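Worksheet: one structure, shown below.
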Amino acid sequence: MIDSSPPAASRLQPAVLSLADIGHALASGWRQFAAAPLLSMGFASIFVALGAILFTLVETLAIAPISLSFSAGFMLVGPALLAGFFAVSDRVRDGQKPAIADIGQGFRKLPRGGWVVSFVCALLFLIWITDAGTLYGFMIGREPTAFARLLQAEESVQRFLFYSSLMGAVLAFIIFTVSAFSIPLIYDGRADLVSGVVASVRAVFGRFPAVMAWACLLAFVIILSAVLLPLMVVSLPVMAYASRALYFRVFPPH
């Protein structure tokens, strides 16, 4: 009888990864985006619209400094969005024309283990925003602070941004370590929840310099795009496709 169960984590050994591989992954991400630009931007526009609503609410409430926490926090919930982009990426790599239905199919294909990881990401995002809100109350308080005041670089705002970024970086590192490779492994049926997470942690620490370079680049692009929101209609799909390409370099398909 053939064993169709996902492989054990011990058999999911990460391949050697270099900075050149990151460049190849980015180039692949751009090519895939160029193959389906309207669909990619259309899907990304959903999150751009949600971000615009959120920033409008933050400006209305005059709590602008916390908007940067929301922007950075997108890194924590980002893994939950990947299934839709994975489906588009796979269709493009197979030489087929992706359609809107493929995005929904990608989410339906994601096994339960992938949803568990996504739930953990969302839970840590809520913890992150709650902690950022508490820190905001202590450091800035009830004083109205609109986006225009951010340009004044006030000391209280700078201190809030520094300490909130420090907290967010710790949570982002945990989420990245757990989800960077576990979600695509689970999505492809190559691992279950436990073996996928173990393989992801092993890949991050086993290929630490290159993987951290990728993580820092990913964080920079996504946070910048969240601040300059219209950029996200391009950057989000390109980085999602590049993430899948990098995953295939770390865990080559057999």
| query | What FRET efficiency comes out for the pair Ile174/Lys97, r = Cβ-Cβ distance, R0 = 30 Å, nearest 0.05? | reply | 0.20
| task | Starting from the residue with the highest accessible area, list Val120, Val197 in decreasing order, probe 1.4 Å. | result | Val120, Val197
| If r is the Cβ-Cβ distance from Gln13 to Thr56 and R0 is 41 Å, what FRET efficiency results, to the nearest 0.05? | 0.30
| request: Quote to one decimal, in nm, the extra length available between Phe248 and Cys216 on full extension: 0.36 nm per residue of separation minus the C-alpha distance between them. | output: 9.6 nm
| query | Residues of region 183-251: accessible area per residue at 1.4 Å, in Å²? | reply | 35
| field | Order by protection proxy (mean Cβ within 10 Å, highest first), peptides 108-118, 16-26 | value | 108-118, 16-26
| remark: Extend 7 Å from the Cα of Val201 along its Cα-to-C-beta direction; within region 157-183, residues with backbone N under 15 Å of that point are 173-183
| message | Using amide H atoms built in the peptide plane, which far-off residues or other-chain residues are under 5 Å from Ala36 H to H? | response | none
| Once the piece of chain linking Ala122 and Met41 is laid out straight, how much longer is it, given 0.36 nm per residue of separation minus the C-alpha distance between them? | 26.8 nm
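The values are calculated or read from the model by the stated rules, or taken from the named source; none is laboratory data. None of the values given here were measured: they were computed from a predicted structure. Because the Cβ atoms are built from the backbone with ideal geometry, glycine has one as well, and the counts that use them run over all protein chains shown. Quick note on the areas: whole protein, heavy atoms, side chains included, nothing else; ligands and nucleic acids left out. Shrake-Rupley method; radii C 1.70, N 1.55, O 1.52, S 1.80 Å.
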